[in-house]
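For reference, the structure discussed in these notes is given below.
What follows is calculated from the coordinates using simple rules that are stated; it is not laboratory data. Owing to the predicted nature of the structure, the values given are computational and were not obtained by experimental measurement. Glycine also receives a Cβ, built like all others from the backbone with ideal geometry; neighbour counts cover every protein chain displayed.
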């Protein structure tokens, strides 16, 4: 709200200025366009490379598109074949984990923000610190816990196949480590919520959980959108848990990032067009989500 | 706001006293305890706290215990004979010191570069321009991609014969350089790629802070006849300090745990000589060499280093009432 008023106020000032500084303006746009090229060229070069035949790869510039006879979708087809299993697996653990940590994060933020009790900041600090801890300091106990103590594939053997058990491990793990950031995102919104409304509801005799369901949850929908978008890209992009909990690229539960990390490895060296096609296929879901909801993603980053 | 909260609190206590009817026998104390906000809110924050707490703090505690054993290879660790031998071994391991040195270089250069580039981007975009939102979306785009994805792009960018980077240097008659193979160049090349990926993040943080500075301050500076550069340096940048601090914390903590990109760029646990950092060393000792106890000692060291950044930050945030 304030953002708009501020920038609207600035428009007037800037319009006056822009008459005066036309040359500065040209320089500004030149800089912005130059930066756009800098930020996009790795992706652009990756794309044109991914549709090149091996001949075109040698004969054309890395940033130039191939000619009509040098273009092929062969690498995309091959990469898609190799990655399709991983894309399904990634989706299967990313979506439930995203929803779970959003719901749990919203609940935690509500209990720690809109219900007032002593010591809640201390508990909240535990959540916040959880955002920043390096996974290197938990990953060995984590793999030992799943492989030697929990052993879901063994215990739930009647209900789940071993690859489904691995996916369940990933859902639980990603949920647990996603809760801190989700809690912080929701708390940032709940702190600005009107106390009067909640107090009024309490005076009317509404219970803590009723207030959550009837007042807080409906008002949280925009923040849920932010958290979904941010957390979806985070979990989809994640690699360290995939590497350590799944273990092998050949595992039927392998995620798309894990398969991509070893795609088309051969003694002759890396097949770059294949790698580029694989990278773009892996990035596609997050790219679509990002481009459709760039503002919401930025909001998730900012808090 | 604080006064409002205090007021509401008194309202609430009044109400409680009334319902309790002033009696102070045992049953109503228990009843009050049951009605207390602490207990009523517990079902909300309790389950997330338990799940997160076990996985985060439980695992860190377990990791500390593991680092005191001499567990390696297969099987379960033996927790009966505990000692600090792994930490001694770390101090005497020259490759740990090399990794530490690289970690410090990465941390400092990466953080400063991201803060600087992000500031330039934010200042350029902090005005009414056409396609302003599109530019912002483009600059933040790398941050939405997985490190495994961006590592593939940069391997190609840095390719010795066909990479764009070497073509660019070729224009000036320089190179070709083996960016990812030369021990003197590799760390810089990795940092450059990571700055490409993260500078959009700092830009977003700065932009949010810039937008909250009242327009009047810009105008006042204008009226005083300050040029754009001077205005930003004198008036605007000092007000960005909170944004700079929180972005620095995030960047430093990222630098401490950066692993994905290095793994993907070098196709495995061993980064090229000159780019091994503590985070990759830890993963290699554990998941490649099965030196679990030694690896968890490095992991715990990384946790302590992170804590040294997080704790002061959270403390000052708490003091300012920002938590």
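Equivalent ellipsoid of the range A:218-303: semi-axes from √(5λ) of the C-alpha gyration tensor, largest first, are 31, 15, 9 Å.
What ranking of A:154, A:163 emerges when the number of other C-beta atoms within 10 Å of each C-beta is taken as an exposure proxy, fewest first?
Numbers: A:154 9, A:163 17.
By the 10 Å Cβ count, ascending: A:154, A:163.
Going by neighbour counts of Cβ atoms within 10 Å, the residues A:22, A:295 line up, fewest first, as A:22, A:295.
Residues of A:125-131, mean number of Cβ from any other protein chain within 10 Å of their own Cβ, rounded to a whole number? All intermediate terms of the calculation are to be shown ahead of the outcome.
Values: counts 7, 5, 6, 6, 8, 6, 4.
The per-residue average across the peptide is 6.
Ordered by the count of other Cβ atoms within 10 Å of each Cβ, fewest first, B:281, A:52, A:296 give A:296, A:52, B:281. Over chain A, Cα pairs under 8 Å with separation of 6+ residues give a relative contact order of 28 percent.
As a check on your grasp of the helix formula, calculate [θ] at 222 nm for the protein assembly as shown: sum -39500 (n - 2.57) over DSSP H runs of n ≥ 4, divide by the residue count, round to the nearest 500.
Result for the protein assembly as shown: -22500 deg cm²/dmol, rounded to the nearest 500.
Could you tell me whether the range A:159-255 comes out rounded, prolate or oblate from its Cα gyration tensor? Rule is a ≥ b ≥ c as square roots of the eigenvalues, rounded for a/c under 1.5, then prolate if a/b exceeds b/c, otherwise oblate. In terms of gyration-tensor shape, prolate.
Across peptide B:208-217, what mean number of C-beta atoms from other chains lies inside 10 Å of a residue's C-beta?
Numbers: counts 6, 1, 1, 6, 3, 1, 3, 10, 2, 0.
Mean partner shielding for this stretch: 3.
Taken along the Cα-to-beta-carbon direction at a fixed 7 Å, the label points for residue A:28 and residue A:219 span 3.8 nm. Per-residue packing, averaged as other Cβ atoms within 10 Å, sorts the ranges A:68-74, B:86-92 into the order B:86-92, A:68-74, beginning with the highest. Both radii are taken from the alpha-carbon atoms of the range A:195-243; with Rh as the Kirkwood radius, Rg/Rh is 1.29.
Largest mean-square fluctuation among B:122, B:99, B:208, in a Gaussian network model of chain B whose springs join Cα atoms under 10 Å apart, belongs to B:208. Legend: mean number of C-beta atoms from other chains within 10 angstrom of residue C-beta atoms, peptide B:153-162, equals 5. If one computes P(r) from the Cα atoms of the range A:25-104, what percent of pairs lie at distances over 21 Å? Pairs farther apart than 21 Å: 57 percent. Against the empirical curve 2.2 N^0.38 Å, the C-alpha radius of gyration of the protein assembly as shown lands at a ratio of 1.04.
Two decimals, Cα atoms only, Kirkwood Rh: what is Rg/Rh over chain B? Spell out each step's value before the answer.
Working: Rg = 26.4 Å, Rh = 24.2 Å.
Rg/Rh for chain B comes to 1.09.
In whole angstrom, the range B:153-259 maps to an equivalent ellipsoid with semi-axes of 38, 19, 10, each derived as √(5λ) from the alpha carbon gyration tensor and ordered largest first. Using only the Cα atoms of the range B:185-323, each taken as one equal point scatterer with no solvent, compute I(q) by the Debye sum, divide by I(0), and report log10 of the ratio at q = 0.14 Å⁻¹. Those come out to -0.82, one per q.
Taking label points 7 Å from Cα along the Cα-to-Cβ direction, residue B:311 and residue B:130 give a separation of 5.5 nm. Can you tell me the FRET efficiency between residue B:237 and residue A:126 if r is taken as the Cβ-Cβ distance and R0 is 22 Å, rounded to the nearest 0.05? The value I calculate is 0.05. Put simply, the convex hull of the Cα atoms in chain A casts, on average, a shadow of 23.3 nm².
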